[in-house]
Structure formats: structure tokens, C-alpha cells
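Structure first, commentary second.
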Amino acid sequence: QTPAKPAKVKDPEAETRVSSEQMTGRPDREIILERDVEITRGETTLNADHATYWIAEDEVEASGNVRMSRFGDRYTGDKMRFKMDEGTGYVTNPTYHMQGNNAQGRAERIDFEAEDRALITQGTYSTCEGPDPDWYLKSNTMHLDTGKDVGTAGTTVIYFKDVPILGTPYMSFPLSDARKSGILVPTMGTTSTGGFELMVPYYFNIAPNRDLTLFPKYIARRGFQLGADARYLDRDYAGETKIEFLPNDTQTKTNRYSIASTHNQRLSPQASFGWNVKAASDDDYAIDFSRNLATSTERLLLRDLYFNYAGNFWNATARASNYQVLQDVLAPITRPYDRLPQLTLQAGRQDVNGFDWATTVEATRFWHPDLVRGERYVLNPSISYPIVRPSYFITPKVSLNAASYSVENPLTRTNASYSRTLPTFSLDSGLIFERETSIFGEAATQTLEPRLFYVKTPYRNQANPVFDSAEADLSFAQIFSENRFIGNDRISNANQLTTALVSRYIEPSGAERLRVALAQRFYFEDQKVALPGVVPQGGSKSDILGSGTLRISNALSTEGNLQYSSTQKTVSRGNASVSWRPEPKKVLNLAYRVDVPNALRQVDVSGQWPLGDRWYGVGRMNYSLSNDYANRPGYKQINVPPKQGLSEGLLGLEYKADCWIFRVVAQRIPTATGKATTSLFFQLELSGLTKLGSDPMEALRTNIPGYQVINKPSNINY
Amino acid sequence: CGFKLRGTILGNDLPFKSIYIAVPETSTLGSELRRYIRGSGELEIKQSPEEAEAILDLTNELREKVILSLNSQGRVREYVLYYRVTIRVRDNKNVELLPSTQISLKRDISYNENQVLAKEAEEAMLYRDMQSDLVQQILRRIAAIKPADQATAK
Amino acid sequence: EKADASKPTNVEADQMQYDDVKQINTFIGNVVLTRGSILMKANKMVVTQDPAGYQFVVMYAAPGTLASFRQKRDGGPDQWIDGQAERIEYDDKNEIMKLFSKARMRRLENGKTTDEVNGEYISYDTRAEFFTVHNTASGDSKPGAGRIKAIIQPRATDTKKAP
């Protein structure tokens, strides 16, 4: 949190204190002061060898090593004229130091146009300490507006160690950390796909709640790209639209563009609508133009338009959505179904003399160019009688899932229709025991929470097409849901009992110090419902699920999850991790992970550690160990198993000088071709001004849990 | 071994008898929290801050999806879903009863581009599961609020 | 005030010696001189008169005390000027007041000090209202010999201009 800036309150009643070694003048008009002159008024103190003070105009003219400090900002110069109360005037051949973000510089002249606005002619600006700063920007005209915390400069050159590294016709930059949005400075960098690139943003503050930012960018190997980001925020609607357009990409000879637009608007207290649309000109757009891993791996671009009406106990949504697939020839993706439209009505009341009832009605038209497509209507009413007491809970619930399909197969031109009605009964119950005990010598309340969850759903043959169903990962959330599948196209037959035991150690503050959980599901009848082309698994018992999280101390915490296959008597999935954070900017994480279905056994080490007084090391190594899972009985390949060796890696060094940070980060990630590419990030961050080069922050933040930015106070982690 | 059935959900020495949940109507977390408090019968829910002796502020509710691991073709194999809330409880004279506390939960979810519609629904299921877990943890934090004198005495 | 010049001067003191030859009057002990709006106090006052009738007054303060003077100004209804120092010389001909060592001069407006100057030597031309302040009791200005301090209240015009 930046220290609160002293409010620039001016006290018109403040007296002026004057002192020097010699003084002559007329009390009502002006006084002339000689040798070691000091004039103080409220927040302003001015020193000089010689000064003349016009009392009525409250104006001072001073010369001979002039020094002034005002509201924390400090100036020196050889000649100054200044209206003490109004705060206007000028100083020639000045140096300045501003309290806002410790910025300083020198110039030919500074004109104090108003209390918060200064025009600096032929001046420099830097946030480095000391007379010869490591980096500074030099510009013929610079406006510093400490009221809006914005600095703008005309033709500007940025020097680093006296070497010009960036020139720009226009530039705006923040004058304090407080204001981040709206300030955009030129950035420069290189990418392996586009070569050198320079971007000079222009920011238009159209209105307090509307702004437009243009990002003209020159990309060496592609040409000129124009990006635009329009944002608007109002009482009833808000949204943001980003567009990037590159006419005639020299490499592909095509126009390249992308759109990302979100909007939501409240038409009335009940009705609202909005969209979330992404689109790209071609399949390789993400790889060619993305700046970080999150966007470069995003191959399915959602386009979703929704309208919502909320009653007091019901909610209706009409929605149209589909995905643009950025196809990857090496690892093709099947195109998801479009939902054009999907109408959903959800209603429900709680505690209607003890009963909760809820119902969902959904009508969807699934469309696909070549797969079976058509309409699906689903009705899913349910009623339950939850009894929740401090020491136990019992929740019987009856629900019905009725669905009907009318579909056509575009290739064979045949139509078909299916329908099913499936009742489900479930009974959830649990007890909660407690006792006072201690852990690591500190008082704690330990709980013991046994839970039983019985589900009975009859078997119905379901040959209807699968639009949005799949088998969910076995997790604590899934093991306590009635349907083994996600979505409405497959309802698993069930006569099963899930048993679970959870024990927690709760500190006096209410925080969970330790939590251990075990769960397993017992099938009293075989599972017969399956996805097309999948043989339903037999077996009377599900895998055992175990999980534990323990905070040993404020610095050290561990976590483990386990999925033990009772039929094969081995762990089918499991991970264990330890995280040690002794101090800010020091973190070490160690994780071991086993995933038999994916034939994966991995060790993941990541950390951030200071290496010397100004050097910080960051690193992550994801190493795949050899395993024999593939030749185990019943192994079915889901993904291509990673080869033994380093599959993901990151290594970086950060050097923190007092006003700039240099980062070099190498990141190795597997690519579709099976090989791995290493991308290199070089970044020079001039504190409080700009980041030059490719930005590794997102990679550091996602690869190293607990990473902290080295020039931010320790509690802000990115 | 000393275990006995839990007597109360929120404890019986809370320094306030009624609470206002300052959470927007649209937040499902808010409605589940109200339902459990109402179900416990140990704390009355008021419709406006003025009537309540204590106010629970949900100062931050953040859901975030971060890549956990890539498969050997460089495509996302697993995401981590984070659900972070920051709560604070103050009495109607703005005296802080529970300082600003962050509760953060996460769940892993495997990802497969060929089942994107199903994964949308699975993600929603995991967030609902984390939400119920958060509600229980918030209830535990409220139950841990001691009357002012006892808290300072400790 | 301009009108003082035409007013009679009268002086009270414990003792008075008069040297007719040199036309010097010396008053000693709680000397109080009044002339129109002018009021001067000192422990000892030597008044000499030149042939043209102009007076030249030198006031000495008792050790540890200060001689003082006060005069009304033309500028407004209740505007005054006062000064104090260990020794004060007043030259009636050129209307110049000189204050030596621990000198202070103030201007007051309806009882409130608007400006105040402190220094070792102040010379004030009452007619042109022009003053000079030096940092040595001898009257010349020596670098490093000491500071002169003044406090100036904002003018009425300031208060009107304030937002």
C-alpha cells in the first residue's frame, strides 16, 4: 500500500516566515533579501542566495543556488519565480525530485502550470536514486500531472546505462503505484515466431467509465498489427472488447485477426443478457501471436450469447453457444457440438414445511456438421427432506430424469428418436463427533465425521447419442453424486453405497490445521451403462479415495491425495506434495505424482530462492520417471505417455537493482510434434515505468506456486 | 476415546444473536451460507445491516483456473481450480469481531479437448463442492468468534 | 502619521538636564515622549535640536530592558507601527528611525500583528516607509554574523482570493 500522499491542503491563512542576513524593502509592497535567504509558507520552503518577495502578489523571485521543497517534492535551480500560495511559476536549469514514486531528473526549465501540473522542457525522468541514474528517459516536453498521477512525454528516448534502448514519438507513464489502469508505455521484445516487435500504446480516457486503448505494434517478420481494447462500465452494463488485426501477414500472406469480447447488461432487476465471444482468423493464430502459455494452449474458442430472467424462486436462461476449433493437424480435436439454442428453466424452494423441491427443464438443439445431431428435452424434478442437526444429518431424496431425443444422422440422412425416464432414490446421512485435543502442542478440536450415501437407480438401456456426457474423474465431489457420468446423456444404473470418514483438527481460530478423508463406494449391482465404445467396468468396490492436508507450521504445509484400486491392489492415481515458505520470496515445492491410466510417474520440484544480495533464482523441473504401467493388465491408453526425462522445465534468474530488475527465464514445454521447445524470456523492468522484452511473469506465477514478485511488498504475489 | 456428538454448529457463546450476510443475492455461496445458519437455529438472519448485531462481509470471492500440467503434446492435461474468499465479521458499531480472513481451496480437474461440454459441467460440480466446503469452514470461523473480553483475555 | 510633524512634543521623566549652549536636553528615568500619535519610552533620552529646529533623539534602555516607540500609520483606520531595541535614534529632519541591537519592528492592524522583523540593526524611513535590516549592531552587514527573521501575515487581498 503506498503511503497516503499528504493531502495538498493549502492554508490561505498561513503566515510567511522570512529570514536572511540582510533585508530591505517596503512592508506593504516588496522586500529584498540577501545572503542565505529562506522563505517558508505552509508546505513550501524556498532557499536562495538572493530573493525578492512581493507581498501583495505573494510572489517570490529568487536566484543563486535556489532550492525549494513543496508537499514533499524537491527542486533546485539557478533562477526561480514562484507564487507561494497558488503554486505557479517557473525555475530555470532545475533538478527535481518527486515524492510520489521517488522520481527525479534535471531539465532546462520547469514551468509550474498549476498546483499539480508541471511542464518540464528538455528534461530527464527516472525513478533511480542518485545523481547519475542507471536508466532515465529524455524528452523535449514532459507533463507531470501529480493530481492524476500521469506523466506524458512527446518524442522520448529511454537510456539504460547511458545507452539509448527505446525511442518513441509519444509516451505516458504512471507517477505513482496507485494508478495502474490506463497508463501504457511502449514495450519492446522478441518472439521466436515473430522476431523483434515494438508496441506503442495510445490511451484515450473517453469518460470516467469508458476508455479505449490502441496498440499499434510493429512485428519484424509479419508487419504492422493494430490492437484495440475498448472498456466500458456503467450502472447497468459493463464489457470489454479486444480486437487485433494484422493485414497481409508477410509469412502467411493472409489477414490475421482475433476478437475477444465480453458484455453483460442488466435490463431490469430480473432480466439480464450478455455475451462472451472469442474468434481467431486461423488455426495457428494462438501459437503465432500468444504471449503466454494460457493463451497459446487455448485451442477451443467459446462463443456464447445468453439471456437470463430470474424470478424469486425460479430462473430461466436462453443460450446460444458454440466453439471455434483451432485445429492441430498433429493432434486433431473433434469439434464440439453447438448448442443453438439451449433453453433452461430452474426452479426450487427450500424448507416448504421441511421439504426442498427443485426442478430443471432443459431443451437443447445440438448441431454438428458431421456427427449425429438433433434436439434433446430433459425434465429433472427432485424432492428431498433434509434433516440437518449439529450432530447428524439425514437427507432422503427422490428425483426423476426424463429425456427425449429426436435426432438425424447427416451422413446417412436417417432420423431416430429415443426417450427414457429414470427415477433415482438417494439417502445421504452422517454423524459429527468432536473432542478437545491438541496437535503439535496447540489446542485443537478434532472431529470425526462418518458418512453414508446410498443411491438406487434402475438400469435403462441408453443408446441415445452422447452430446455432453463423459465420465467424471473420481473425486470426493463425484463419489457423492448420484450419477457416475457428467451431463444428461448417460444416467448410470446404481445400487450402491458410498462410505466415507473425515477427520479434521480445527484450531481455536476455526482454521483447519489437519484434514484427513477416506471414501469408498460399494456396488451391489454391476454397472451396465457406459459411453459408446467403452466396456463398463465390473467389480463390486470402487477405488478407495484418500486425501490429507496438514499445515505443520506457518511455513511448512503438506498435502496428499490417493486413489487406490482395490481390485488390482495398487495405487491407480496419487500425488503428494510439500511446500516450504520460510520467508517472503523464499519458497520450495516438492511433488510426486502417479497416474497409472496415463502411464505417468512424475517428480515436480519448483522454487524461488535468493542467491546473493541482489540475485534471485527461480526454477521448476517436472521430471517423468520410467514406469511399467503400460504393460499392466487392463491398461487402456488415454493420452500419449510422456517419455522418461524432463518433460517441463523452467529456469530463471532475476537481478534486482534499486530501480530496475533484469529477468532472464528459459522455459521448456512439450509441443504437438512430441519434441519440446525452449522459449527464452529476456525482460528489463524499469521500476515504475515500463517492462521491456517478453514478460515471463505469467509463466513464473503458474509454474512456481507461492512465487512472489521481488520488487513488490511481500504480501502482493503478482 | 473422548469423542461425543457435536452439540452446536455455531457454539452457544457467540457475542451476537443476529447476523446480516452482506453477500449479493446472485451469489450461491451466500444463499447456502444463509440456509445453514438458518438451519442451525442458533443465529437469526436479519434482512438489513441495521437490524443485525453482527455483519458478515464477503469482501472477495475469486474463482480461477490455472494450468497444472501439460501432456506430451504440449496440450493441457490438468487444470487446478482455485476458489478463494475473504470474509470479515464486524458488529453494528463497526468493531471488528473477526479480522479479514482468506480461505482458499483448490481441486484438480483433468482436461480433454474432446469432452469440452462435459468438462464445463464437471468444473461447475467441483466449484459447487468447494462452495459447500467453504460454507462449512466459514461456519467454523464464525463459531470461533469469542466475546470481546474473552478474546483479549486469552 | 503625517499629522504628527505639526504636533507639540512633550516629555515626562524622573529628571531632566538642559544644556543651553549645545541645545541638548537629557532626560533620565522612565522617560516617556509623546507627540501626536508618536509614543516613545526609554530609561534615558537625549534630545538635541539643530538650528533649524529639527530634533534628534537618542533613547537608551536600562540594562536588560528595551527602549520602545509606537506610531500610527496613514494606511488605514487602526494601523500602527511599533519597535523596540537597546538603543533607538530618531532623526526628525529626514524622519529616519534607527534601532540598534535586539531590534524588533512590528506593524499592527486593529490590534493584530501583520508583520514583524527582528535583527541586530533596523533603519526605517518613516516618510517613505522603507526599511533596511542588517545583522550587526554597528549597522553594517557582515556575512555569517547572524540571521534576520521576519514574519508576514497574508494580505487581506489573499484571503479574498483564497478558494
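Throughout, read-outs are computed from the coordinates displayed, never taken from laboratory work. Not measured: the values here are computed from a predicted model. We place every Cβ from the backbone using ideal geometry, glycine too, and count neighbours over all the protein chains shown.
General observations
- Taking amide H as placed 1.01 Å from N in the peptide plane, A:Lys79 has its amide H under 5 Å from the amide H of A:Thr92, each at least 5 places away in sequence or on another chain.
- For the pair A:Trp314 and A:Leu300, label points projected 7 Å from Cα toward Cβ lie 3.1 nm apart.
- Most positive-pole-ward Cα, C:Gln55, C:Asn94, C:Phe69, against dipole of the stretch C:36-145 from beta carbon charges: C:Phe69
- Each Cα pair under 8 Å and six or more residues apart adds its sequence gap; the mean of these over the residue count of the stretch A:336-381 is a relative contact order of 38 percent.
- Average other protein chain Cβ within 10 Å of Cβ, residues A:465-478: 5
- Estimated [θ] at 222 nm from DSSP helical runs (n ≥ 4, -39500 (n - 2.57)) normalised by residues in chain C, nearest 500: -1000 deg cm²/dmol
- Members of A:Lys161/A:Lys217; A:Lys79/C:Lys102; C:Lys72/C:Lys112; A:Lys586/A:Lys656; A:Lys83/C:Lys72; A:Lys456/A:Lys541 lying beyond 21 Å, as alpha-carbon distances in this model show: A:Lys161/A:Lys217; A:Lys79/C:Lys102; A:Lys83/C:Lys72
- Reachable aspartates and glutamates, given that their alpha-carbon falls under 15 Å from the alpha-carbon of B:Lys65 and they are not under 8 places away in the same chain: A:Glu298, A:Glu698, B:Glu78, B:Asp108, B:Glu120, B:Glu122, B:Glu123
- Selection from B:Val135, B:Tyr111, B:Ile145, by position along the positive dipole direction of the stretch B:99-148 (Cβ): B:Ile145
- A simple packing score, the average count of other Cβ atoms within 10 Å per residue, orders the peptides A:481-494, A:136-149 as A:481-494, A:136-149, with the highest score first.
- Most tightly packed first, judged by the mean number of other beta-carbon atoms within 10 Å of their residues, the peptides A:75-88, B:25-38 read A:75-88, B:25-38.
- Once the Cα-Cα distance is subtracted from the 0.36 nm per residue extended length, the A:Val388 to A:Thr190 segment shows a gain of 65.3 nm.
- Shown is the FRET efficiency for A:Ser417 and B:Tyr82, computed with R0 = 35 Å from the Cβ-Cβ distance and rounded to the nearest 0.05: 0.25.
- Fraction in percent of alpha-carbon pairs per bin - 10 Å, the stretch A:408-447: 17, 17, 14, 12, 12, 12, 15, 1
- The stretch A:371-415: C-alpha pair distances exceeding 14 Å, %: 66
- Expressed in Å, the radius of gyration and Dmax of the Cα atoms of chain A are 33.6, 109.
- Taking the convex hull of Cα positions in chain B, its mean projected area over all directions (nm²): 12.7
- Relative contact order (%) - criterion: Cα under 8 Å, at least six apart; region: the stretch A:232-297: 24
- A:Leu680 paired with A:Gln537, simple spin-label distance in nm, labels 7 Å along Cα-to-beta-carbon: 4.7
- Highest average packing first - A:296-304, A:44-52, A:403-411, Cβ atoms within 10 Å: A:44-52, A:296-304, A:403-411
- Compared with the dominant principal axis of the Cα atoms in chain B, helix B:116-143 is inclined by about 20°.
- Proximal aspartates and glutamates to B:Lys146, defined as alpha-carbon separation beneath 20 angstrom and excluding residues fewer than eight positions away on the same chain: A:Glu434, A:Glu436, A:Glu442, A:Glu507, A:Glu512, B:Asp13, B:Glu42, B:Glu44, B:Glu53, B:Asp57, B:Asp91, B:Glu96
- Per residue of chain B, the DSSP helices (runs of n ≥ 4 H) give a summed -39500 (n - 2.57) that works out to -10000 deg cm²/dmol at 222 nm.
- Averaged over peptide A:342-351, the number of partner chain Cβ atoms lying within 10 Å of each residue's Cβ comes to 1.
- Maximal additional length on extending the A:Ala207-A:Glu86 stretch stands at 40.7 nm, based on 0.36 nm per residue less the C-alpha distance.
- Overall, chain A carries a charge dipole of about 3120 debye about its Cα centre when +1 sits on the Cβ of Lys and Arg and -1 on the Cβ of Asp and Glu, all other atoms neutral.
- Only alpha carbons enter this Debye calculation for the stretch A:46-183, each as an equal point scatterer, and the log10 of I(q)/I(0) it gives at q = 0.09, 0.18 Å⁻¹ is -0.27, -1.00.
- Hz values of 3J(HN,Hα) by residue in the stretch C:37-43 - Karplus curve (6.51, -1.76, 1.60), Gly and Pro given as x: 8, 7, 9, 10, 10, 6, 8
- Charge dipole magnitude, Cβ of K and R +1, D and E -1 - chain B, Cα centre, debye nearest 20: 400
- Unpaired by the 4.7 Å Cβ criterion, cysteines found in the protein assembly as shown: B:Cys1
- Contact order, relative form, for chain A: 5 percent (alpha carbon pairs under 8 Å, 6 or more residues apart, mean separation divided by residue count).
- Separation between Cα centres of the stretch B:64-136 and the stretch A:234-279, rounded to whole Å: 26
- Put simply, the Cα atoms of chain C extend 64, 40, 28 Å along their principal axes, the longest span coming first.
- Intensity falloff of the stretch A:649-698 expressed as log10 I(q)/I(0), Debye formula with alpha-carbon point scatterers, at q = 0.14, 0.19, 0.30 Å⁻¹: -0.40, -0.63, -1.10
- Spin-label model distance (nm) - C:Thr65 vs C:Leu39, 7 Å beyond Cα toward Cβ: 1.5
- Computed log10 I(q)/I(0) for the stretch A:550-689 at 0.11, 0.19, 0.21 Å⁻¹: -0.57, -1.15, -1.24, from the Debye equation with unit scatterers placed on every C-alpha and solvent omitted.
- Between the listed residues A:Pro423, A:Gln644, A:Ser176, the Cα displaced farthest toward the positive end of the dipole of chain A, a dipole computed from Cβ unit charges relative to the Cα centre, is found at A:Pro423.
- Computed helical MRE - 222 nm, chain A, DSSP H runs ≥ 4 contributing -39500 (n - 2.57), nearest 500: -500 deg cm²/dmol
- Here the stretch A:413-457 is treated with +1 on each Lys and Arg Cβ and -1 on each Asp and Glu Cβ, and its dipole about the Cα centre works out to around 660 debye.
- Per residue of peptide B:2-14, the mean number of Cβ atoms on other chains within 10 Å of the residue Cβ is 4.
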